[in-house]
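Participant: Just dropping this structure here.
All of the numbers you see were taken from the coordinates with simple rules; none came from a lab. No experiment lies behind these values; they were computed from the predicted model shown. We place every Cβ from the backbone using ideal geometry, glycine too, and count neighbours over all the protein chains shown.
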Amino acid sequence: MLLETINSPLDLKKLRPEQLPDLASEIRSFLLQTVSATGGHLGSNLGTVELSIALHYCFDSPNDKIIWDVGHQAYTHKILTGRREQFHTQRQYKGISGFPKRSESDHDAFGVGHSSTSISAGLGMAAAAGLDGKRNHSIAVIGDGSLTGGMAFEALNQAGHLKKNLIVILNDNEMSISKNVGAFSTFVSRKMTGRYYRDLKKEIQVLLKNIPAFGTDILHFARRAENSLKGFLTPGALFEALGFDYLGPLDGHDLSQLVEVFNNINELDGPLLVHVMTTKGKGYKPAEETPAKYHGVGVFDVATGKGTVKTAVKSYTDLFGETLVQLAAEDDKIIAITAAMPDGTGLNQFSQRFPERFFDVGIAEQHAITFAAGLAADGFRPVAAIYSTFLQRAYDQIFHDICLQNLPVTIAMDRAGLVGDDGPTHHGVFDLSYLRHLPGITLMAPKDENELRHLLKTAVYSGLPIAIRYPRGSGYGVELDRDLHCVEIGKGEQLLDGCDLTLLAIGTTVYPALQAAESLRLKGISAGVVNARFVKPLDAELILNVARRIGNILTIEENVLQGGFGSAVLELLYDQGLQNVKMKRLGLPDHFIEQGSQAQLRKDVGIDAEGIVAATIEFMK
């Protein structure tokens with residue numbers, strides 16, 4: 001087994017080129033074996049096996065900086081850089097991360113998890129190398145999906161201007177390029193990367209410039225002719241217009257070709273974009289046939305491709321999608337928007353039922369929000385479904401384009417709270433804090449999947465800027481009301497009355513609070529439970545009533561404590577002169593939470609039923 005001999009890129013370089021395809025085959029088998037047992041990002045990683053091998057075979061990591069965009073494609077990179085024996089722990093509690101992480105390895109040049117950052121980071125490293133007088137390479141590997149993010153184009157624009165030694169690898173697994181064009185372009189690119197060609201080109205340029213009277217004109221004509229030919233025969237005209245030399249497209253699964261080209265470009269100067277064509281799910285038929293399904297997977301059976309973990313309870317995501325379809329069937333003003341996540345946000349059914357009212361804007365959260373604002377300004381009811389952690393990228397657009405103009409856009413924040421195995425880059429634990437201080441916004445969270453449906457209708461017909469947060473995973477299996485109704489804005493509900501203290505809970509913490517109240521009753525402590533439902537506006541009447549009547553309040557939220565729900569309650573009590581009310585806040589501490597199951601992480605931070613009981617007993621002392 002070749003793979004067992006590879007513990008670093010130095011070991012990889014000892015192999016003969018003809019051995020590399022066998023290594024690629026072994027890595028694919030290893031990926032299938034481990035990811036089927038742990039879950040993870042499968043399709044994209046199966047597609048970058050050869051690319052990863054070629055990069056580490058030809059370049060000198062960690063001296064050369066390899067920056068992976070998002071990190072969905074970096075599993076082979078991790079395996080080749082000394083983490084093969086730990087790979088079965090990836091995305092597991094106390095295990096290695098599912099994404100490149102600087103603290104984990106010197107070979108992880110930059111920590112990632114959100115898209116479209118690699119070119120900016122790579123350019124920064126290239127600029128740093130220039131300032132330090134170093135001769136190392138900065139290599140940004142970015143997918144065609146991530147290239148839809150505006151930040152990537154901002155970085156390309158500056159890179160072409162600075163002319164630093166930056167190599168951008170465009171890992172393209174979606175664009176359709178004909179075989180004839182691809183084959184010819186590949187041939188041209190391979191020949192144009194050699195030192196002989198570059199030296200000859202420079203000599204011809206010098207010669208033409210020195211021809212009296214007409215030399216400069218001839219040189220300009222030659223350059224125009226070369227650019228026209230490239231623009232006609234390759235898709236690289238855009239990148240060359242931005243100041244990059246363009247090579248490709250290359251077959252991303254042809255190791256001999258990749259190694260030849262990468263060895264040739266090792267000594268090139270200036271910004272260079274290498275266009276590599278790969279196949280998502282390469283080598284595993286189910287993933288090749290349905291790549292979207294195998295982008296992120298749970299535990300599954302390799303032989304059948306079917307998941308082994310089943311649940312009869314629908315997820316919040318699925319119910320959100322079904323409810324939006326139900327509302328849209330009765331109102332043709334309802335629009336659904338996603339930022340490259342039609343599957344992840346549950347909007348597939350909507351896209352099929354109402355294709356003319358469904359918009360996937362790509363990985364462009366900022367654009368998604370302002371696009372929604374434009375629709376709202378002209379009388380539509382847009383619903384933008386975006387993961388909480390990715391919505392952070394659109395903060396200014398929420399402020400400037402929605403709230404400042406008081407436009408009725410509904411922002412559906414999926415994966416709010418602790419998401420589990422993807423870890424700190426994906427936990428949606430800041431949204432209550434970064435949204436509630438914006439004037440004009442309404443911010444709410446349902447206690448269960450049935451309440452989600454009613455709050456969604458409330459949001460769509462409120463005429464206000466509204467953000468609604470809900471968690472990843474299955475609901476509680478509660479009975480779903482047949483008819484939807486609107487909830488009064490800013491009204492919570494008292495679920496249990498108590499005489500010793502009140503547990504003020506929001507969203508995913510309401511049911512654990514109810515469980516805790518029962519356990520506390522058996523211990524002789526009478527705890528009331530309030531489902532706050534709204535973080536902004538708070539139900540001031542209800543909260544002040546229990547504060548004055550009971551005097552002891554414990555708030556519980558699946559959000560960071562700084563600026564969150566508990567802080568809002570504290571501000572309310574202080575503003576009303578109730579500083580004598582005894583209060584404690586439960587939520588997430590002031591550090592990033594690593595990966596693990598949602599249940600385990602909630603236990604760690606003390607917001608499950610057991611943690612609430614322990615905190616209450618300590619509080620009541």
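Participant: What FRET efficiency comes out for the pair Thr89/Ser8, r = Cβ-Cβ distance, R0 = 25 Å, nearest 0.05? Mind showing how you got there, number by number?
Facilitator: Details: r = 19 Å, r/R0 = 0.76.
Working from the Cβ atoms, E equals 0.85.
Participant: Right, next: May I ask what percent, to the nearest 5, of DSSP beta bridges between residues of the chain are antiparallel?
Facilitator: Numbers: 9 of 66 bridges.
Antiparallel: roughly 15 percent of the beta bridges in the chain.
Participant: From the phi of every residue in segment 291-304, what ³J(HN,Hα) in whole Hz does the Karplus formula 6.51 cos²θ - 1.76 cosθ + 1.60 yield, where θ is phi - 60° and glycine or proline is x?
Facilitator: x, 4, 5, 9, 5, x, 10, x, 5, 8, 8, 4, 5, 9
Participant: Something else about it: To the nearest 20 debye, what charge dipole does segment 334-485 have about its Cα centre, counting +1 at the Cβ of each Lys and Arg and -1 at the Cβ of each Asp and Glu? All intermediate terms of the calculation are to be shown ahead of the outcome.
Facilitator: Details: 12 positive and 17 negative charges, 44 e Å.
Value, rounded to 20: 220 debye.
Participant: Do you know the relative contact order of segment 316-469, to the nearest whole percent, from alpha carbon pairs under 8 angstrom that are 6+ apart?
Facilitator: Computed over segment 316-469, the figure is 23 percent.
Participant: Could you list log10 I(q)/I(0) for the chain at q = 0.05, 0.06, 0.11 Å⁻¹, which the Debye formula gives when each Cα is one point scatterer?
Facilitator: -0.27, -0.38, -1.09
Participant: Quick one: helix 316-328 against the long Cα principal axis of the chain, what's the angle to the nearest 10°, folded into 0 to 90?
Facilitator: 80 degrees
Participant: Additional query: Counting other Cβ atoms within 10 Å of each Cβ, which GluC sites (Glu not before Pro) in segment 444-480 have at most 12 and sit in a DSSP loop?
Facilitator: Hits after loop and neighbour filter: Glu479.
Participant: Let me ask something additional. Over the alpha carbons of segment 357-418, what is the largest minus smallest coordinate on each principal axis, giving the biggest first in Å?
Facilitator: Dimensions of segment 357-418 along the principal axes of its Cα atoms: 35, 25, 17 Å.
Participant: Further, regarding this structure: Along the charge dipole of the chain, pointing to its positive end and built from +1/-1 on Cβ of Lys, Arg, Asp and Glu, which listed residue (Leu570, Leu272, Ser25) has its Cα farthest out?
Facilitator: Of Leu570, Leu272, Ser25, it is Leu272.
Participant: For the chain, with only Lys/Arg (+1) and Asp/Glu (-1) charged at the beta-carbon, what is the dipole magnitude about the Cα centre, in debye rounded to 20?
Facilitator: Values: 60 positive and 71 negative charges, 157 e Å.
With Lys and Arg at +1 and Asp and Glu at -1, about 760 debye.
Participant: For segment 252-309, run through the trypsin sites (Lys or Arg not before Pro) and keep only the ones in DSSP coil with at most 12 other Cβ atoms within 10 Å of their Cβ.
Facilitator: Here the sparse-neighbourhood loop sites are Lys306.
Participant: Put +1 on the Cβ of each Lys and Arg and -1 on the Cβ of each Asp and Glu in segment 493-620; which of Gln595, Ile612, Leu542 then has its Cα farthest toward the positive end of the dipole?
Facilitator: Leu542
Participant: Also: Using the Karplus curve 6.51 cos²θ - 1.76 cosθ + 1.60 with θ = phi - 60°, what ³J(HN,Hα) values do you get for each residue of segment 355-365, in whole Hz, with x for Gly and Pro?
Facilitator: Karplus values, whole Hz, x for Gly and Pro: x, 6, 10, 10, 10, 9, 8, x, 6, 8, 4.
Participant: Based on the Cβ-Cβ distance of Ser519 and Met1, what FRET efficiency does E = 1/(1 + (r/R0)^6) give at R0 = 41 Å, to the nearest 0.05?
Facilitator: E between Ser519 and Met1, to the nearest 0.05, is 0.20.
Participant: Restricting to segment 316-469, compute how many DSSP beta bridges are antiparallel as a %, nearest 5.
Facilitator: 5 percent
Participant: Right, here's the next one. Would you mind classifying segment 493-620 by shape? Square roots of the alpha carbon gyration tensor eigenvalues, ordered a ≥ b ≥ c; an a/c under 1.5 is rounded, otherwise it is prolate if a/b is larger than b/c and oblate if not.
Facilitator: Verdict is oblate for segment 493-620.
Participant: Sticking with this one: Once you have a ≥ b ≥ c as the square roots of the Cα gyration tensor eigenvalues for segment 416-505, tell me rounded if a/c is under 1.5, and otherwise prolate or oblate according to whether a/b is larger than b/c.
Facilitator: Here segment 416-505 falls in the rounded category.
Participant: Pop out the ³J(HN,Hα) list for segment 387-402 in order, Karplus 6.51 cos²θ - 1.76 cosθ + 1.60 with θ = phi - 60°, rounded to Hz; leave Gly and Pro as x.
Facilitator: Those phi angles translate into 4, 3, 5, 7, 5, 3, 6, 10, 4, 5, 5, 5, 5, 7, 9, 10 Hz.
Participant: While we're here: How about segment 434-501: which trypsin sites (Lys or Arg not before Pro) there are in a DSSP loop, with at most 16 other Cβ atoms within 10 Å of their Cβ?
Facilitator: Working: sites: Arg436, Lys447, Arg453, Lys457, Arg469, Arg472, Arg482, Lys491; in loops: Lys447, Arg472, Arg482, Lys491.
Answer in residue order: Arg482, Lys491.
Participant: For the chain, take the longest principal axis of its alpha carbons; what is the angle in degrees between that and the long axis of helix 255-265, to the nearest 10 within 0 to 90?
Facilitator: Value to nearest ten degrees: 80.
Participant: Still on this model: In terms of modelled amide H atoms, which long-range or inter-chain residues lie less than 5 Å from the amide H of Ile169?
Facilitator: Those lying under 5 Å, H to H, from Ile169 are Ala140, Val141, Ile142, Val274.
Participant: How much of the DSSP beta bridge set in segment 493-620 is antiparallel, as a percent to the nearest 5?
Facilitator: Numbers: 3 of 18 bridges.
Of those bridges, close to 15 percent are antiparallel.
Participant: I need to check one value: relative contact order of the chain, counting alpha carbon pairs closer than 8 Å and at least 6 residues apart, in percent.
Facilitator: This gives 11 percent for the chain.
Participant: If you don't mind, another one. From the Cα gyration tensor of segment 316-469, with a ≥ b ≥ c the square roots of its eigenvalues, which class applies: rounded if a/c is under 1.5, or else prolate if a/b is larger than b/c, or else oblate?
Facilitator: Details: a/c = 1.32, a/b = 1.09, b/c = 1.21.
It comes out rounded by the Cα gyration axes.
Participant: Along the positive direction of the dipole of segment 316-469 (beta-carbon charges: Lys, Arg +1; Asp, Glu -1; about the Cα centre), which of Leu443, Ala340, Ser388 reaches farthest?
Facilitator: Leu443
Participant: By how many nm would the segment from Ser25 to Asn263 lengthen if fully extended, with 0.36 nm per residue of separation less the alpha-carbon distance?
Facilitator: 83.4 nm
Participant: Can you work out the PRE-style zone for Val478? Point 7 Å along Cα to Cβ, and I want the residues of segment 407-431 with backbone N under 20 Å.
Facilitator: Under 20 Å, as judged by backbone N against the label point of Val478, lie 412-418 of segment 407-431.
Participant: Which whole-angstrom value gives the distance between the alpha carbon centres of segment 58-86 and segment 108-169?
Facilitator: The two parts, judged by their Cα centres, are 16 Å apart.
Participant: Against the longest alpha carbon principal axis of the chain, how many degrees, from 0 to 90 and to the nearest 10, is the axis of helix 565-575 turned?
Facilitator: 50 degrees
Participant: Multiply the residue separation of Asp396 and Glu330 by 0.36 nm, subtract the distance between their alpha-carbon atoms, and state the gained length in nm to one decimal.
Facilitator: 20.5 nm
Participant: Determine the relative contact order of segment 493-620: mean sequence separation of Cα pairs under 8 Å and six or more apart, normalised by residue count, in whole percent.
Facilitator: It rounds to 27 percent for segment 493-620.
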